[in-house]
Protein chains: 2
Amino acid sequence: MKNEKFMAEAIVEAKKAIPSGDVPVGAVVVKDEKIIGRGYNKREKNASATAHAEVLAIEDACKNIGSARLDGAVMYVTLEPCPMCAGAIAQARLDKVVFGAYDEKAGAVGSVFNLYYDFKFPHIPKFCGGVMEQECAALLDGFFENLRRNK
Amino acid sequence: MKNEKFMAEAIVEAKKAIPSGDVPVGAVVVKDEKIIGRGYNKREKNASATAHAEVLAIEDACKNIGSARLDGAVMYVTLEPCPMCAGAIAQARLDKVVFGAYDEKAGAVGSVFNLYYDFKFPHIPKFCGGVMEQECAALLDGFFENLRRNK
């Protein structure tokens, strides 16, 4: 139930991306059962290539605890991380990443390749995909369906 | 000569990291022969896991040109990018990354693996390593030598 509780919070974040036309992806960082960081995709809103949900959630968590290291924390994110974000999760020393929908085009935690198998990081996070997969994927499908309709 | 000119600017950035005890890595983003973004490693200074030179230089460039896409731009960075940064360079649609020293432990553009060969990104940057390699490596060697002495 813990996975679902925190993934629901990541979905809350994801929905915040929609008004600015950003792909709805959201993330939370959890330590000792508490949310210490939140983020949603602001690539368009901030006009910044690095403003993915995961990067912003990590930056929020680092700021909140005053450390570049998030040992013992877990990230919940609605979409499988891209290579940048999978790398950021390892850099932050997160204990684990739990994601919802798989990303067949750009997923770096199993879909296109798996950064945590194929690359010998000093720190390798654990990972688990497919948590509340349908809800997370439906959010993305709805967003892209709307985009196509409005073209 | 262009490579050396801009790598020298990346070295200027790298040296700014030393006073805060950050590993000296610096980067510049160049478009149409002009520097549009600068960054140096601020992981310790900012207490942020994502504050690598490349990420900060991309964020600076995006801010300066008001776009999440840096098409046609080239990054010069003193050290081979890690997976997070190699991913950020692809996300930003940079045309090319030129780096100085190789990173045998965490380099994701040839040393440990090559993200641009092994992963089918929608956009694959060109890359070139070993530019002013000795100068870039000497900066890092000096930093770590000092750390050992002061232990």
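A few remarks follow.
- One equal scatterer on each Cα of segment A:11-151, no solvent, Debye formula: the resulting log10 I(q)/I(0) at q = 0.09, 0.18 Å⁻¹ is -0.24, -0.97.
- Heavy-atom accessible area per residue - chain A, 1.4 Å, Å²: 45 Å²
- Farthest positive-ward along segment B:27-109 dipole, Cα basis, beta-carbon charges - from B:A61, B:Q91, B:T78: B:A61
- Counting only residues at least eight positions apart within a chain, or on another chain, the lysines with an alpha carbon under 24 Å from that of B:K126 are A:K105, A:K120, B:K2, B:K5, B:K31, B:K34, B:K63, B:K96, B:K105.
- Buried on assembly, segment B:71-113 (at least 30 Å² less accessible surface than by itself, 1.4 Å probe): B:P83, B:M84, B:Q91, B:V112, B:F113
- Restricting segment A:66-151 to GluC sites (Glu not before Pro) in coil, as DSSP defines it, with at most 15 other Cβ within 10 Å: A:E104
- Of the trypsin sites (Lys or Arg not before Pro) found in segment B:91-121, those that fall in a DSSP loop while having at most 16 other beta-carbon atoms within 10 Å are B:K105, B:K120.
- With every protein chain in place, segment A:1-129: carbon and sulfur % of accessible area (1.4 Å): 50 percent
- Phi angles of segment A:131-142 translate, via the Karplus equation with coefficients 6.51, -1.76, 1.60 and θ = phi - 60°, into HN-Hα couplings of 7, 6, 4, 5, 4, 5, 5, 4, 4, 5, 4, x Hz per residue; Gly and Pro are given as x.
- Kirkwood Rh in Å, taken over segment A:22-105 so that all alpha-carbon pairs contribute: 12.4 Å
- To the nearest ten degrees, helix A:53-65 and the longest principal axis of the Cα atoms of chain A are 40 degrees apart.
- Whole-Hz ³J(HN,Hα) from phi, Karplus 6.51 cos²θ - 1.76 cosθ + 1.60, for segment A:99-111, glycine and proline x: 10, x, 6, 7, 10, 5, 8, 9, x, 10, 10, x, 7
- Per residue Cα convex hull volume in Å³ - calculated over the protein assembly as shown: 121 Å³
- Taken along the Cα-to-beta-carbon direction at a fixed 7 Å, the label points for B:K120 and A:E133 span 2.0 nm.
- Placing R0 at 35 angstrom, the Cβ-Cβ distance between A:N146 and B:K96 gives a FRET efficiency of 0.50 after rounding to 0.05.
- Computed [θ] at 222 nm, deg cm²/dmol, chain B (DSSP H ≥ 4; -39,500 (n - 2.57); rounded to nearest 500): -12000 deg cm²/dmol
- With the biggest extent put first, the Cα atoms of segment A:76-151 measure 46, 22, 18 Å across the principal axes.
- DSSP beta bridges in segment A:1-111 [antiparallel fraction, %, rounded to 5]: 65 percent
- Of the GluC sites (Glu not before Pro) found in segment A:23-98, those that fall in a DSSP loop while having at most 10 other beta-carbon atoms within 10 Å are A:E33.
- Inter-chain Cβ neighbour average for residues B:29-39, partner chain, 10 Å: 0
The values are calculated or read from the model by the stated rules, or taken from the named source; none is laboratory data. Quick caveat, the model's predicted, so the values are computed rather than measured. Cβ: placed from backbone, ideal geometry, glycine included. Neighbour counts: every protein chain shown. These area figures cover heavy atoms from the full protein model, side chains too; ligands, DNA and RNA do not enter into them. Shrake-Rupley method; radii C 1.70, N 1.55, O 1.52, S 1.80 Å.
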